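Below: the structure, in structure tokens.
The values are calculated or read from the model by the stated rules, or taken from the named source; none is laboratory data. Everything numeric here is computed off the predicted structure, so don't read it as measured data. With ideal geometry, Cβ positions are generated from the backbone for all residues, glycine too; neighbour counts draw on all protein chains shown. SASA here: full protein model, heavy atoms, side chains in, ligands and nucleic acids out. Shrake-Rupley method; radii C 1.70, N 1.55, O 1.52, S 1.80 Å.
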Amino acid sequence: MKILTVLGARPQFIKAAPVSRELRKRHTELIVHTGQHYDKNMSDIFFDELEIPKPDFHLGVGSGNHGKQTGEMLTKIEEIILQETPDYLLVYGDTNSTLAGALAASKLHIPVIHIEAGLRSFNKHMPEEINRIMTDHVSDMLFCPTNTAVENLQNENIRERVFNVGDVMYDAVEFNRKLAEEKSTVLSDNGLTSKDYHLITVHRAENTDDSDKMRNILNAFSKIDTVKVWPIHPRTKKVIEDQGFDLESVPNLHVIEPVGYLDMLTLEQNSRKIITDSGGVQKEAYFMEVPCVTLREQTEWVETLEGGANVLVGTDLEKIVNAVEKQVTPNYLSVFGDGQASVKICEMIR
Ligand code: UD1
Ligand code: UDP
């Protein structure tokens, strides 16, 4: 089978690592990198570190408004599909690169495989929610990470070729956890001691693009004494610079450049709590059994809320501070599969 995989953003590189490894045992895979993420530490670092095969096509689309960015991808992916005539086109998650790949293929009657299908926040103000809904509705094989995702699709009358295989991000964590322990020096490099710091990530447009929300978040961080380490997403860095927010005045805050995956796993595993608005990081907190405080009003990963492992606080200053400082003893369940999602996906494609 000839499969054309479309990737573009950081979490997609991480998801592709275990899947590509399996896919290539049985199928021919060509990778298209849209160029949505392009900084070395948002893209190349993951290809190198996780040994993801080098892209066969690089579209160099870069940043831009949704329409321009998605439209440019659509045009260029269409050309590649016409040239390569793949049997399937494969996309991950919910970014603009996902939507562009899925749309281009479905219009040309190339069956679409969607990995991480069926997620819903039920908030259509999120660009990701639009991307997910559209992609799921034009997909031909839908690989869901959880039962909730399967149910979400059933509720939208998508019932055929829907499979709960578990979460490929769990596969990635299981594969790399030990490697991270052996290789990463991120704690000593940054003078951090295990369980003596909180890890922060913030990048959701709904937070970064609202200066009141960002101000609340930063004010909350100022009220938390514990050391905080924050590998900052370029989107957030830009907003903070443009808005003139003063990070220097936040005590015990170490802002660092985005880190590679092995360093990130190490930072997560050793943190006391994780404060984030990232989808992937919420799940990794759960996999590593580190309590999570989520700077959003909804989550697609509702399983993480049960048992108190993750708590939604939005951007309310008091809620953030209280949740971070509260002692919790969460209960963790095995709801994201068995670390073999990629193997199952490749079997089913076959
Ligand atoms: C995108 C996805 C989001 C995902 C996130 C993962 C969409 C609509 N959003 O959001 O779902 O959670 O990736 O990280 O697809 N930038 C750089 N260098 C880069 C990449 C981005 O400087 O390598 C800056 C640019 O100023 C750019 C901004 O970040 O305008 C936003 O990048 P973009 O890819 O549009 O969205 P993300 O916020 O990264
Ligand atoms: N990640 C990373 N380095 C960082 C921040 C995140 O390797 O500095 C990884 C993280 O471990 C997870 C993925 O990136 O696997 C999550 O991506 P992101 O938060 O950008 O997007 P989302 O999951 O919210 O779509």
> How much of the accessible area of the chain, in percent, comes from carbon and sulfur atoms when a 1.4 Å probe is used?
Replying inline: 47 percent
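Wrap a convex hull around the Cα atoms of segment 183-330, take a quarter of its surface area, and give that in square nanometres. Can you show the working numbers first?
On the way: hull surface 31.8 nm².
Its Cα hull, projected and averaged over all orientations, spans 8.0 nm².
For the pairs 124/283; 15/283; 40/76; 183/344; 107/344, flag any whose C-alpha to C-alpha distance is greater than 24 Å.
On the way: 124/283 22 Å; 15/283 13 Å; 40/76 22 Å; 183/344 29 Å; 107/344 27 Å.
In this structure, 183/344; 107/344 exceed 24 Å between Cα atoms.
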>> Can you bin every Cα-Cα distance in segment 1-86 into 5 Å intervals starting at zero and give me the percent of pairs per bin, rounded to whole numbers?
In response: 3, 15, 26, 23, 19, 11, 3, 0
> Going by the alpha-carbon gyration tensor, a ≥ b ≥ c the square roots of its eigenvalues, is segment 288-336 rounded (a/c under 1.5) or, if a/c is not under 1.5, prolate (a/b greater than b/c) versus oblate?
Replying inline: oblate
> Per residue, what volume in Å³ does the convex hull of the Cα atoms of segment 218-283 enclose?
Replying inline: 95 Å³
>> So for the chain, considering every pair of alpha-carbon atoms, how many percent are separated by more than 33 Å?
In response: 24 percent
> Taking GluC sites (Glu not before Pro) as exposed when DSSP calls them loop (any state but H, G, I, E, B) and at most 15 other Cβ atoms lie within 10 Å, what is the longest stretch of the chain free of them, the sites themselves excluded?
Replying inline: 161-288
>> Which one, 269, 298, 282, has the greatest fluctuation when you compute a Gaussian network model over the chain with C-alpha springs under 10 angstrom?
In response: 298
> Size of the dipole of the chain about the Cα centre, Lys and Arg at +1 and Asp and Glu at -1 on the beta carbon, nothing else charged, in debye to 20?
Replying inline: 280 debye
> Tell me, what HN-Hα J-couplings in whole Hz come from the Karplus equation 6.51 cos²θ - 1.76 cosθ + 1.60 at θ = phi - 60° for each residue of segment 90-95, using x for Gly and Pro?
Replying inline: 10, 10, 10, x, 8, 8
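Keeping every protein chain present and rolling a 1.4 Å probe, give me the accessible area per residue for segment 148-189 in Å². Provide the component values of the computation, followed by the final result.
Values: 2440 Å² over 42 residues.
Using a 1.4 Å probe on heavy atoms only, each residue of segment 148-189 averages 58 Å².
What trypsin sites (Lys or Arg not before Pro) does segment 165-247 have in DSSP loop regions with at most 12 other beta carbons within 10 Å?
Details: sites: 177, 178, 183, 195, 204, 213, 215, 223, 228, 235, 237, 238; in loops: 195, 204, 223.
For trypsin sites (Lys or Arg not before Pro) across segment 165-247 that sit outside H, G, I, E and B with at most 12 neighbouring Cβ atoms in 10 Å, the list reads 195.
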> Expressed in whole Å with the largest first, what are the equivalent ellipsoid semi-axes of segment 84-230 derived from the C-alpha gyration tensor as the square root of 5 times each eigenvalue?
Replying inline: 35, 21, 15
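So for the chain, averaging the separation of alpha carbon pairs under 8 Å that are six or more residues apart and normalising by length, what relative contact order in percent results?
Once normalised by length, the contact order is 16 percent.
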> So what's the back-of-envelope 222 nm ellipticity for the chain, counting only DSSP H runs of four-plus at -39500 (n - 2.57) apiece and dividing by all residues, rounded to 500?
Replying inline: -13500 deg cm²/dmol
>> Apply the a/c threshold of 1.5 to the C-alpha gyration tensor of segment 24-134 and tell me whether it is rounded, prolate or oblate.
In response: rounded
> For the chain, modelled as a Gaussian network with Cα springs under 10 Å, which listed residue fluctuates most, 218, 142, 108?
Replying inline: 108
> At each listed q (0.10 Å⁻¹), what is the log10 of I(q)/I(0) that the Debye formula gives for segment 80-169 modelled as equal alpha-carbon point scatterers?
Replying inline: -0.22
> Using the Karplus equation 6.51 cos²θ - 1.76 cosθ + 1.60 (θ = phi - 60°), what ³J(HN,Hα) coupling, rounded to whole Hz, does each residue of segment 36-46 give in order, writing x for Gly and Pro?
Replying inline: 4, 9, 9, 4, 4, 8, 10, 9, 3, 4, 6
> Which whole-Hz ³J(HN,Hα) couplings does segment 225-232 yield from phi under the Karplus relation 6.51 cos²θ - 1.76 cosθ + 1.60, θ = phi - 60°, glycine and proline marked x?
Replying inline: 6, 3, 4, 10, 10, 9, x, 8
> Can you give the FRET efficiency for residue 25 and residue 257, using 1/(1 + (r/R0)^6), R0 = 51 Å, r = Cβ-Cβ distance, to the nearest 0.05?
Replying inline: 0.90
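Throw me the Rg/Rh for segment 167-260, computed over C-alpha atoms with Kirkwood Rh, two decimals. Walk me through the intermediate numbers first.
Details: Rg = 15.1 Å, Rh = 14.9 Å.
Rounded to two decimals, Rg over Rh is 1.01.
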> Given H placed 1.01 Å from N in the peptide plane, which residues other than close sequence neighbours of residue 29 have an amide H under 5 Å from its amide H?
Replying inline: 3
>> Below 8 Å, C-alpha to C-alpha, sequence gap of six or more: please give me the relative contact order for segment 85-156 in percent.
In response: 34 percent
